[in-house]
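Structure record follows, encoded as structure tokens.
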Amino acid sequence: MTKIRAAITGVHGYVPDYVLTNHELETMVDTNDEWIRSRTGIEERRILKGEGQGTSVIGAEAVKGLLAKTNTKAEEVDLIICATVTPDMPFPATANIVADMVGAKNAFGYDLSAACSGFLYALATGAQFIQSGTYKKVVIIGADKMSSIIDYTDRATCIIFGDGGGAVMLEPTEEDLGVMDSILKSDGSGAPYLHMKAGGSRKPATVETVAQREHFAFQEGSTVFKFAVTNMADVAAEVMEKNNLTSDDISWLVPHQANKRIIDATARRMGVGDDKVMLNIQRYGNTTAGTLPLCLWDYEPQLKKGDNIILAAFGGGFTWGATWLKWAYDPK
Ligand SMILES: CC(C)(COP(=O)(O)OP(=O)(O)OC[C@H]1O[C@@H](n2cnc3c(N)ncnc32)[C@H](O)[C@@H]1OP(=O)(O)O)[C@@H](O)C(=O)NCCC(=O)NCCS
């Protein structure tokens, strides 16, 4: 029997209009444009403004564009998985809210929480439903409104994160294309270094938790940096070795956009040149689950059928992983 693979048949992204520059951040915390550029590679990030605007707005805009460009009727979608750590609310799932916003009446949906690796985890999960022959059209969203959990008095985090995301369509193919292999990992002992202290079942919201600013993302940056730089590079190399891929075989590295220095280390470890590395950190910062689909969306016009692409991520949890993808279509 021919093996069914899950091919990405379209990608679309969305970033809000408001641009938060390094210079504006200089007016908010003790930082400067030169430090942020040289230590992270970030020049600006986008912020979703407006009352009642949640991550679903980002997800729905990305999915609407995706349905249009893949000529898909909303009713045809079987499943929507939304990777996010900033859901509109703890429940219902943001995926369900997006399904309602785009009119995907026949889809079921759920959210997946794996921080910056969320899109990779969701892609692997969605691919299983396609490969098993269960579903024909699966939408994978990676989106975050990080500004909703960022403390704009904390220079350790507010300079890095931004809002945005994207979505891909997964469909079955009998060609040797699509999601080829994934290595996904997690280590819960990393939680103390990157987490949100309050607002969950362990420490529900109180007047005190709000006063102590515990509903914001906390990051011990230098510790996370050390883990990220080693693990993201190692897992990217591991997925290549496992599949006998050399750097010459790789058309693109799609790295999580958290810090340009982590991206450079991963590319070096894989032996791929800068010209093969997707990069938009300078414009969007770290959009958590949003970075990988936003990169694919930005670079889509340059991608060709059969391109070997390595996606790699590292994030809170700790979570990390790498996926080998064979791009399934030429520029349209
Ligand atoms: C957050 C991060 C950019 C900080 O960079 P860093 O080089 O580790 O910086 P450090 O925290 O060691 O601080 C270095 C110095 O810069 C200062 N500094 C820290 N943040 C600063 C800022 N925003 N502006 C100016 N100076 C700053 C520190 O006070 C310190 O000064 P000192 O040497 O006089 O004590 C970096 O650690 C990082 O990218 N971490 C990983 C992020 C990540 O991958 N997350 C996972 C996915 S979300």
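No value in this document is a laboratory result; all are computed from the given coordinates. It should be emphasised that the depicted structure is a prediction, and the values quoted were computed from it without experimental measurement. Reconstructed Cβ throughout: ideal geometry from the backbone, glycine too, with neighbour counts over all protein chains shown.
A simple rule links phi to the HN-Hα coupling: the Karplus curve 6.51 cos²θ - 1.76 cosθ + 1.60 with θ = phi - 60°, which for the range 164-172 gives x, x, x, 9, 10, 9, 10, 9, x Hz, with x for Gly and Pro.
For the range 54-96, with only Lys/Arg (+1) and Asp/Glu (-1) charged at the beta-carbon, what is the dipole magnitude about the Cα centre, in debye rounded to 20? Walk me through the intermediate numbers first.
Details: 3 positive and 5 negative charges, 27 e Å.
Once rounded to the nearest 20, the dipole reads 120 debye.
With the highest mean first, a sort of the peptides 231-241, 168-178, 300-310 on other beta-carbon atoms found within 10 angstrom per residue produces 231-241, 168-178, 300-310. For THR86, the amide hydrogen comes within under 5 Å of the amide hydrogens of LYS145, counting only partners 5 or more places away or on other chains and with H modelled in the peptide plane. Using 0.36 nm per residue and subtracting the Cα-Cα separation, the extra length available between ALA191 and THR134 on full extension is 17.0 nm. Of the residues THR27, THR94, THR86, which exhibits the maximal mean-square fluctuation in a Gaussian network model of the chain defined by a 10 Å Cα contact cut-off? The residue with the greatest mean-square fluctuation here is THR27. Computed on the range 90-147, the Cα convex hull volume stands at 87 Å³ per residue. The sum of -39500 (n - 2.57) across all DSSP H runs of n ≥ 4, divided by the residue count of the chain, sets its helix-only mean residue ellipticity at 222 nm to -9000 deg cm²/dmol. Shown in residue order for the range 125-139 are the 3J(HN,Hα) couplings computed by the Karplus curve 6.51 cos²θ - 1.76 cosθ + 1.60 at θ = phi - 60°: 5, x, 4, 4, 5, 6, 4, 6, x, 6, 10, 9, 9, 10, 9 Hz (x for Gly and Pro).
If neighbour count is taken as other Cβ atoms inside 10 Å, put PHE129, PHE314, PHE91 in order from fewest to most.
Working: PHE129 18, PHE314 33, PHE91 9.
In order of increasing Cβ crowding within 10 Å: PHE91, PHE129, PHE314.
Reducing the range 152-215 and the range 259-285 to their Cα centroids gives an inter-centroid distance of 20 Å. For the range 1-156, dividing the convex hull volume of the Cα atoms by the residue count gives 133 Å³ per residue.
Ranked by how many other Cβ atoms sit within 10 Å of their own Cβ, fewest first, the residues CYS158, CYS116, CYS295 fall in the order CYS158, CYS295, CYS116.
Relative contact order for the range 221-270: what is it in percent, counting Cα pairs under 8 Å that are at least 6 residues apart? Working shown, then result.
Details: 25 pairs, mean separation 27.5, N = 50.
Once divided by the residue count of the range 221-270, the mean separation gives 55 percent.
Over the range 97-189, what is the relative contact order in whole percent, taking alpha-carbon pairs under 8 Å and six or more residues apart?
Details: 81 pairs, mean separation 23.9, N = 93.
For the range 97-189, the relative contact order is 26 percent.
With the alpha-carbon atoms as the only input, what is the per residue convex hull volume for the chain in Å³? The partial results should precede the final answer.
Values: hull volume 43.5 nm³, N = 332.
Here the figure is 131 Å³ per residue.
Quick check on the exposure proxy: order MET196, MET28 from fewest to most C-beta atoms within 10 angstrom.
Numbers: MET196 16, MET28 13.
Least crowded to most crowded, the residues run MET28, MET196.
Lys and Arg at +1, Asp and Glu at -1: add these up for the other residues within a Cβ distance under 10 Å of ALA198 and post the number. Combined, the nearby Lys, Arg, Asp and Glu give +2.
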